[in-house]
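Asker: Okay, handing you the structure first.
The values are calculated or read from the model by the stated rules, or taken from the named source; none is laboratory data. Everything numeric in this text was worked out from a predicted model, so none of it was measured. Cβ: placed from backbone, ideal geometry, glycine included. Neighbour counts: every protein chain shown.
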Amino acid sequence: MNNSNGVRSAGALLVVGAMATSLLAPVQAAEETEGGNNLSYPVLWAEEEGHPIPLGTAGVESFDGQIFQGTLTTDPTSEPCYAAVQKDLGNSWQAENSIVGPDHKVTVIDWGDNLEVKDWGVNGKVRVETSLYDTALGDGVTMNRYEMCYVGGKGQTEVWGARVNRPSGSVQATKIDNPDAMVFTAGARLTIQRIDDPSRASWDASAHRWVGVGAADPEFNSAVYEATGDGPGSYAAEINVQGKIVYGFNWDTTGLYNGEYRLTFSIDGANDAFPNGPGTSLMGATIMPSAEESESELIAARAAGGSGGSGGSANVAVVDGANELTYIDVGLSGGEDAPPIDDGDGTTPPPSGGTTPPPTSESGGTSSGSTEAVGPNPIAVPPVVVVTQPELAQSRIRQTARNTAPRGGKYRLGKTIVLTKRPIKTNAGVTLRWRATVASQDNCLVKVRKGKATAKLIKPGKCKVVAYAPAPSPDFLRYRETRTYRVTKG
């Protein structure tokens, strides 16, 4: 029943197409040797019409394609297994999926770990993923799930397959009665915009954006049902290589200003596409903790003022069920600082439409076009805090810190200024980060090693350094303070 070559190792596998298959566009006729990603995790479709149709048929399996050796997780020491790989026309399966009634509730929201554990740099692409779950199917209610087996690769080259019992012959998959399911609604929307003053921003449901002093016009604002096709520029739901349905977008940060950007996942209300409104709600949902840290680690690390196990910077995922949205604030650096937004009501776009093409910085991401961007080195700050149903605060606590860096003055070329001998934390427990502005990068070089931050003066002119810290929770404002040093030859 399987291919005549039998089982092969992960090393023998070239790329079997780890790119996710869009669910919005009709399923196209596949090439002879390549198929799409099969659905492995059960799904509840929130609307009766307009939902995507997964490949294959539920309850009908075929494993005539390639089967490789792998492991149950990405850890090579985990339990070995056989994988009937994705994107092979000979391998076909489909997890249980069905339509749910109106007023369905999402109980758990999962943001991509790459957003939760660190900030990023400009001039790259950042993968934005969000997943919805219903973990309250009911007592004794389960839906069929296929266990998956990891073969190899990472990012674009990552390969998984359905776990099967043998490499050839009478092949059977490992199926699990799952107590939860993922949720899909075409009413899902992604909005990305820079917000300089979160304390004065409020959600405008009709415009699907944040408004107020300090809220720039959105860089992106689109719903799944508004997509006109697949590919860059569209917001879509995908079946990823693990067989899960996720909302995904490749955020191109080229030309953006430094600052805090709010990524908002919301659900549109009633409109022409949904006369009665979409069939699900985020009211009462909570955030799934990052896979980088267990809940106990997060609690212990926060109590100790540390960063937990990941050692990366943490961004706070928030659920505002009353407004049917969840958001996460992500910092960008390595570009130009934005001019102040002084529009009074948040409706006037910032200068140059909100973007200025900055030069590439060593702290920025890649501009190669890859969706696997590389952000700045992670710096320890307090971990992700799950915030559910927050009230829109009009007043937030200002972060303060005992910044011991020299306040300014004239210094000789070649001197190294010690900004701080050890890590400095704000009153919110966030460790300060240091960088030179783009305009100063020819004049001075900022280095941070084991908490000690220095600025080496390498060219006459002005050296402007910035100490900054993101807000660890919605209760605080971000911290930012600058120091300017004059570099002279004599």
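Asker: For the stretch 70-85, which positions are among the small types (Gly, Ala, Ser) and farther than 15 Å from SER40 by Cβ?
Answerer: Passing the criteria: only SER78.
Asker: If GLY490 meets every condition in (1) under 27 Å from ASP197 (Cα atoms); (2) assigned to a loop (DSSP other than H, G, I, E, B) apart from one, which number is that one?
Answerer: (1)
Asker: Would you check if SER222 is touching a strand residue (DSSP E or B) at 6+ places or on another chain (Cβ under 8 Å) and either at positive phi or free of Cβ contacts under 8 Å to residues at least 40 places away in the same chain (or both)?
Answerer: Criteria met by SER222.
Asker: So which residues in the stretch 321-351 are at pLDDT 50 or above and hydroxyl-bearing (Ser, Thr, Tyr), if there are any at all?
Answerer: If the condition is that a residue be at pLDDT 50 or above and hydroxyl-bearing (Ser, Thr, Tyr), then THR326, TYR327, SER333 are the ones that fit.
Asker: If I go through the stretch 431-448 residue by residue, how many of them are crowded, with 19+ Cβ neighbours inside 10 Å, of a type outside the set (A, V, I, L, M) and assigned to a strand (DSSP E or B)?
Answerer: 5
Asker: Among the residues of the stretch 172-197, what is the count of those that are assigned to a strand (DSSP E or B) and of a type in the set (Ser, Thr, Tyr)?
Answerer: Selection size over the stretch 172-197: 1.
Asker: If we keep just the residues of the stretch 123-159 that are within 22 Å of the chain's Cα centre (by Cα) and among the aliphatic types (A, V, I, L, M), which is farthest from ASP110 (Cα to Cα)?
Answerer: The residue in question is VAL159.
Asker: Of all residues in the stretch 122-143 being touching a Gly at 6+ places or on another chain (Cβ under 8 Å) and not hydrophobic (A, V, I, L, M, F, W, C), which is surrounded by the fewest Cβ atoms within 10 Å (Cβ to Cβ)?
Answerer: Filtering first and then ranking leaves ARG127.
Asker: Next up: Within the stretch 198-216, does at least one residue satisfy the condition of being outside any strand (DSSP E or B) and within 19 Å of the chain's Cα centre (by Cα)?
Answerer: no
Asker: Also, I was wondering about something else. Every residue in the stretch 145-170 that is crowded, with 19+ Cβ neighbours inside 10 Å and modelled with pLDDT of 95 or more, please.
Answerer: Within the stretch 145-170, ARG145, TYR146, MET148, CYS149, TYR150, VAL151, VAL159, TRP160, GLY161, ALA162, ARG163, VAL164 qualify.
Asker: Also, quick follow-up: So in the stretch 11-63, with the set limited to residues that are polar (S, T, N, Q) and more than 27 Å from the chain's Cα centre (by Cα), which one is modelled with the lowest pLDDT?
Answerer: GLN28
Asker: Among the residues in the stretch 163-171, are any assigned to a strand (DSSP E or B), in contact (Cβ under 8 Å) with a residue 60 or more places away in the chain and either more than 19 Å from the chain's Cα centre (by Cα) or assigned by TED's automatic domain parsing to the domain that holds GLY36 (or both)?
Answerer: Looking through the stretch 163-171, at least one residue is assigned to a strand (DSSP E or B), in contact (Cβ under 8 Å) with a residue 60 or more places away in the chain and either more than 19 Å from the chain's Cα centre (by Cα) or assigned by TED's automatic domain parsing to the domain that holds GLY36 (or both).
Asker: While we're looking at this one, here's another question. Among the residues of the stretch 419-452, which ones are of a type outside the set (Ser, Thr, Tyr) and under 21 Å from GLY259 (Cβ atoms)?
Answerer: ALA428, VAL430, LEU432, ARG433, TRP434, ARG435, ALA436, VAL438, ALA439, GLN441, VAL446, VAL448 - these are the residues of the stretch 419-452 that are of a type outside the set (Ser, Thr, Tyr) and under 21 Å from GLY259 (Cβ atoms).
Asker: Restrict the check to the stretch 110-120 and report whether at least one residue is at pLDDT 90 or above and more than 26 Å from the chain's Cα centre (by Cα).
Answerer: no
Asker: Now a separate question. Among VAL100, VAL85, VAL108, which is the only one that is within 30 Å of ALA471 (Cα to Cα), out of contact with any Asp or Glu (no Cβ under 6 Å at 6 or more places or on another chain) and of a type in the set (A, V, I, L, M, F, W, C)?
Answerer: Result: VAL108 is the single residue among VAL100, VAL85, VAL108 that is within 30 Å of ALA471 (Cα to Cα), out of contact with any Asp or Glu (no Cβ under 6 Å at 6 or more places or on another chain) and of a type in the set (A, V, I, L, M, F, W, C).
Asker: Quick one: what pairs do we get from the stretch 179-204, first residue without any contact (Cβ under 8 Å) to a residue 12 or more places away in the chain, second surrounded by 20 or more Cβ atoms within 10 Å (Cβ to Cβ), C-beta under 9 Å, 6+ apart or different chains?
Answerer: Listed pairs, sorted by first residue: ASP204/TRP210; ASP204/GLY346.
Asker: Name the residues in the stretch 241-261 that are within 29 Å of THR157 (Cα to Cα) and either of a type in the set (D, E, K, R) or without any contact (Cβ under 8 Å) to a residue 40 or more places away in the chain (or both), would you?
Answerer: LYS244, ASP252
Asker: I've got another one for you. Could you run through the stretch 66-85 and say how many residues are among the aliphatic types (A, V, I, L, M) and either surrounded by fewer than 19 Cβ atoms within 10 Å (Cβ to Cβ) or in contact with a Cys (Cβ under 7 Å, 6 or more places away or on another chain) (or both)?
Answerer: The number of residues fulfilling the criteria is 2.
Asker: Just for the stretch 417-430: of the residues that are surrounded by 14 or more Cβ atoms within 10 Å (Cβ to Cβ) and not hydrophobic (A, V, I, L, M, F, W, C), which one is modelled with the lowest pLDDT?
Answerer: GLY429
Asker: Check ALA467, ALA455 and return the single one that is closer than 23 Å to ILE195 by Cα and either touching a residue at least 12 places away in the same chain (Cβ under 8 Å) or touching a strand residue (DSSP E or B) at 6+ places or on another chain (Cβ under 8 Å) (or both).
Answerer: Sole residue among the options that is closer than 23 Å to ILE195 by Cα and either touching a residue at least 12 places away in the same chain (Cβ under 8 Å) or touching a strand residue (DSSP E or B) at 6+ places or on another chain (Cβ under 8 Å) (or both): ALA467.
Asker: May I ask you to verify whether GLU226 is under 28 Å from TYR150 (Cβ atoms) and at pLDDT below 90?
Answerer: Criteria not met by GLU226.
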